[in-house]
Amino acid sequence: MVSIFEIQSVTKSFGEFTAIKDVSLDLPEGKVTSLIGPSGCGKSTLLKLMLGLEQADQGSVRFRDSEVCDLDLEKFRQKIGYVIQTGGLFPHYTARENIILMAQYLGWPANEIDMRLEELINLTSFPVGGLDKFSGELSGGQRQRVALMRALMLKPDVLFLDEPLGALDTIIRHDLQTDLKQIFSKLNMTVVLVTHDMAEAVYLADHLVLMSEGGIVQQGKLADMVHKPADPFVTRFLTAQRHINDMLEQAK
Ligand SMILES: Nc1ncnc2c1ncn2[C@@H]1O[C@H](COP(=O)(O)OP(=O)(O)OP(=O)(O)O)[C@@H](O)[C@H]1O
Ligand SMILES: [Mg+2]
């Protein structure tokens, strides 16, 4: 299997605190990988290391055979769609302006921008009327669709979603999970989805990576984690999830 990102023995500290401890991980191309784990275990930091937004103290982070720290970061970042944990829409721009900002900056012709925007609206089932609203005038679910469209605007090779559904109520979250699953299968691209919800990870991802305290505890399928836990933490994490019964059914 071809890996799009290869992380080898990476360590990252902030002052005295080691946020990422000797992590190695390959991201398979064209698959959805989910980073799961409790708050503070290092999920967002690992994404930032892959994006070149943080630099590893030790180890190597490679994107398609190049060290990320050697790349032209501006060009590299255009290949990665990134929805940050807080959504990160510019409040003084409309939804449309948020989505097309980078394409405009890069000088895309207006007709190409319009065509891409239409594709994205169809993909995310976003109401056309919402495009001229400011982010404060959109619902939480609509804001996340706008953040997703913005991340996809430049047709990136990889999509990083950091807890994209974390702040949504259960029903909106459920609907967006269903839509995301369809979107992932239509796009057929490499996706990294950060979540602390195991049921969401199982539903949306091909490959699960469970983290704890800056390290990877176990990766693979849910069935392995249920039947062959690598550490007592795995079982503790699984049983602490509310949807455990659904998951156990799927693991059979
Ligand atoms: N820039 C920073 N400076 C200092 N400490 C940081 C910084 N970024 C992250 N940390 C610390 O590193 C640890 C991992 O943070 P990270 O944001 O990666 O966790 P997370 O798994 O994404 O958590 P959450 O689920 O709450 O988003 C935390 O203890 C956090 O406080
Ligand atoms: Mg985080």
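So, Asp57, is that one free of Cβ contacts under 8 Å to residues at least 40 places away in the same chain and either more than 16 Å from ligand 1 (Cβ to nearest atom) or of a type in the set (Asp, Glu) (or both) or not? So Asp57 does not fit the description; no. Would you say Gly52 is within 16 Å of ligand 1 (Cβ to nearest atom), surrounded by fewer than 17 Cβ atoms within 10 Å (Cβ to Cβ), touching a residue at least 24 places away in the same chain (Cβ under 8 Å) and of a type outside the set (Phe, Trp, Tyr)? The answer is no for Gly52. Within the stretch 69-100, count every residue that is among the small types (Gly, Ala, Ser), away from ligand 1 (no atom under 16 Å from the Cβ) and assigned to a loop (DSSP other than H, G, I, E, B). Total meeting the criteria: 0. Quick one: in the stretch 180-216, of everything that is away from ligand 1 (no atom under 13 Å from the Cβ) and in a strand (DSSP E or B), which residue is surrounded by the fewest Cβ atoms within 10 Å (Cβ to Cβ)? Among residues in the stretch 180-216 that are away from ligand 1 (no atom under 13 Å from the Cβ) and in a strand (DSSP E or B), the one surrounded by the fewest Cβ atoms within 10 Å (Cβ to Cβ) is His207. Going residue by residue through the stretch 70-80, is there one that turns out to be touching a residue at least 60 places away in the same chain (Cβ under 8 Å), in contact with a strand residue (DSSP E or B) (Cβ under 6 Å, 6 or more places away or on another chain) and more than 22 Å from Ser212 (Cβ to Cβ)? For the stretch 70-80, residues touching a residue at least 60 places away in the same chain (Cβ under 8 Å), in contact with a strand residue (DSSP E or B) (Cβ under 6 Å, 6 or more places away or on another chain) and more than 22 Å from Ser212 (Cβ to Cβ): present. Within the stretch 217-242, the residues that satisfy the criterion of being in a strand (DSSP E or B) and either in contact with an Asp or Glu (Cβ under 8 Å, 6 or more places away or on another chain) or on the phi < 0 side of the Ramachandran plot (or both) are Val217, Gln218, Gln219. Filtering the stretch 132-151 to residues that are away from ligand 2 (no atom under 16 Å from the Cβ), assigned to a helix (DSSP H, G or I) and over 12 Å from the mean Cα position of the chain (by Cα) leaves Asp132, Ser135, Gly136, Glu137, Gly140, Gly141, Gln142, Arg143, Arg145, Val146, Met149, Arg150.
Filtering the stretch 82-100 to residues that are within 25 Å of Phe184 (Cβ to Cβ) and at pLDDT 95 or above leaves Ala95, Arg96, Asn98, Ile99, Ile100. The residues of the stretch 79-92 that are of a type outside the set (Gly, Ala, Ser) and surrounded by fewer than 16 Cβ atoms within 10 Å (Cβ to Cβ), listed by number, are Lys79, Gln85, Thr86, Phe90, Pro91, His92. Can you name the residue in the stretch 156-179 that is in a strand (DSSP E or B) and more than 16 Å from ligand 1 (Cβ to nearest atom) and is also farthest from Lys79 (Cα to Cα) among such residues? Filtering the stretch 156-179 for residues that are in a strand (DSSP E or B) and more than 16 Å from ligand 1 (Cβ to nearest atom), the one farthest from Lys79 (Cα to Cα) comes out as Leu159. Go through the stretch 129-175 and give me each residue that's of a type in the set (Lys, Arg) and either touching a residue at least 40 places away in the same chain (Cβ under 8 Å) or surrounded by 15 or more Cβ atoms within 10 Å (Cβ to Cβ) (or both). Lys133, Arg143, Arg145, Arg150, Arg173 - these are the residues of the stretch 129-175 that are of a type in the set (Lys, Arg) and either touching a residue at least 40 places away in the same chain (Cβ under 8 Å) or surrounded by 15 or more Cβ atoms within 10 Å (Cβ to Cβ) (or both). Looking at Lys43, Lys75, Lys31, just one residue is away from ligand 2 (no atom under 16 Å from the Cβ) and surrounded by 12 or more Cβ atoms within 10 Å (Cβ to Cβ), and that residue is Lys31.
For the stretch 60-69, a tally of residues being without any contact (Cβ under 8 Å) to a residue 24 or more places away in the chain and surrounded by 19 or more Cβ atoms within 10 Å (Cβ to Cβ) returns 1.
Among the candidates Ala56, Ala103, the residue that is in a loop (DSSP other than H, G, I, E, B) and among the aliphatic types (A, V, I, L, M) is uniquely Ala56.
The values are calculated or read from the model by the stated rules, or taken from the named source; none is laboratory data. Keep in mind that what you see is a predicted model, and the values were worked out from it rather than measured. Glycine also receives a Cβ, built like all others from the backbone with ideal geometry; neighbour counts cover every protein chain displayed.
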